[in-house]
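Below is one structure, written out as structure tokens; the observations come after it.
The values are calculated or read from the model by the stated rules, or taken from the named source; none is laboratory data. Here the structure is a predicted model, which means the values were calculated and not measured. So basically every Cβ, Gly included, is an ideal-geometry build from the backbone, and we count neighbours across all protein chains shown.
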Amino acid sequence: MKKTMFLTAFLMVMNTIVFAKPLKVVTTLPDFASIAEEIGKEKVTATSLMRGTQDPHYLEPTPSMAITMRDADLLIINGMELDIWVFSLINVARNPKIMYGKSGYLDVSVGIDRMEVLPAGAKADASMGHIHASGNPHYTHDPVSGKAVAKQIMERMSALSPENADYFRKNYDDFVSRIDSKMFQWREKLREAGIEKIVTYHRSWSYFARTFGLKIIGEIEPLPGIPPSPAHLSQLIEKIKSENVKVVVTVNFYDIRPAKFISERTGIRIAKVPMYVGGSKEAVDYISLIDMIVNTITGGK
């Protein structure tokens, strides 16, 4: 009898320990790790494979990344061909929970209102530059898309850890409420600064511009991923002058020289911003990232 009671108590303790173990979340981009932490708090551990200062187009996968993924409960990816490097890591990690189609695999682009999707039957080729056939993949720094990402993460973590579903839902609701409160401030800052038109370096601001009602009048790259020629920069300079554009938005991992070139000839202000969480010392989480972007674009006004 005593042995049976001891065994029962031991199993109860072990079950408590197992269930208390945080979900291990691994993400391709740091923004997803930040959002997972907002929703899961102490009930998750979230690790990003990429640093916020890196360009996901050119990230080189490493063996240590596969090791990080080996015992993950959930893998969150950007999708839309931005982080295709993760697929080789999935194979190397040999973690059945995060294989494509499994409950531990989450491509959050599925829930995004995609922009710039190629028409059915059309194919991307080299003449289009670095085009993604399934749409523009740079949606993370758009807070509307950020809320859509958060909803998917909350739902998937709830499915993987149903005993914490109510907790995840409450934290998700709080996160969305904070974004909704900040949206008014962000829009008001842009309005007060008179920012209506922008130039960007890469075609990575379409979602952000749509959410905040900004018009992108051109990119420094003539085509996505293609360095600018002198002729293209000359045309862009004339357009900036004729449209009275106040700011050019570039990301901290892009070459700053073309932006400086057009700034010297037009007086346009350069807003060098982080693209992802951790891209600057101020961008410590998802909401502070958007704060940093808006503050920089508006010149701190």
The residue that is surrounded by the fewest Cβ atoms within 10 Å (Cβ to Cβ), considering only those in segment 58-71 that are in contact (Cβ under 8 Å) with a residue 24 or more places away in the chain and over 20 Å from the mean Cα position of the chain (by Cα), is 63
Please enumerate the residues belonging to segment 218-251 that are surrounded by fewer than 16 Cβ atoms within 10 Å (Cβ to Cβ) and in contact with a Lys or Arg (Cβ under 8 Å, 6 or more places away or on another chain). 243, 244
Of the conditions (1) more than 20 Å from residue 295 (Cα to Cα); (2) out of contact with any helix residue (DSSP H, G or I) (no Cβ under 8 Å at 6 or more places or on another chain); (3) not small (Gly, Ala, Ser), residue 191 fails just one. Which one is it? (1)
In segment 159-184, what residues are within 30 Å of residue 243 (Cβ to Cβ) and either touching a residue at least 60 places away in the same chain (Cβ under 8 Å) or of a type in the set (Lys, Arg) (or both)? 182
Please tell me if residue 257 is among the basic types (Lys, Arg), touching a helix residue (DSSP H, G or I) at 6+ places or on another chain (Cβ under 9 Å) and either surrounded by fewer than 19 Cβ atoms within 10 Å (Cβ to Cβ) or outside the structural domain of residue 31 (by TED's automatic domain parsing) (or both). no
Reported set for segment 4-57 where residues are outside any helix (DSSP H, G or I), of a type outside the set (Ser, Thr, Tyr), within 13 Å of the chain's Cα centre (by Cα) and at pLDDT 95 or above is 29, 49, 50, 51, 52, 54
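Yes/no matrix, rows are residues, columns are (1) surrounded by fewer than 17 Cβ atoms within 10 Å (Cβ to Cβ); (2) farther than 26 Å from residue 296 by Cβ; (3) of a type in the set (Asp, Glu); (4) not assigned by TED's automatic domain parsing to the domain that holds residue 257:
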| site | (1), (2), (3), (4) |
| --- | --- |
| 149 | no, no, no, yes |
| 156 | no, yes, no, yes |
| 167 | no, yes, no, yes |
| 171 | no, yes, no, yes |
| 188 | yes, no, yes, yes |
Checklist (1) farther than 21 Å from residue 300 by Cβ; (2) buried (at least 16 other Cβ atoms within 10 Å of the Cβ); (3) touching a residue at least 24 places away in the same chain (Cβ under 8 Å); (4) not small (Gly, Ala, Ser) applied to residue 265, failing item: (2)
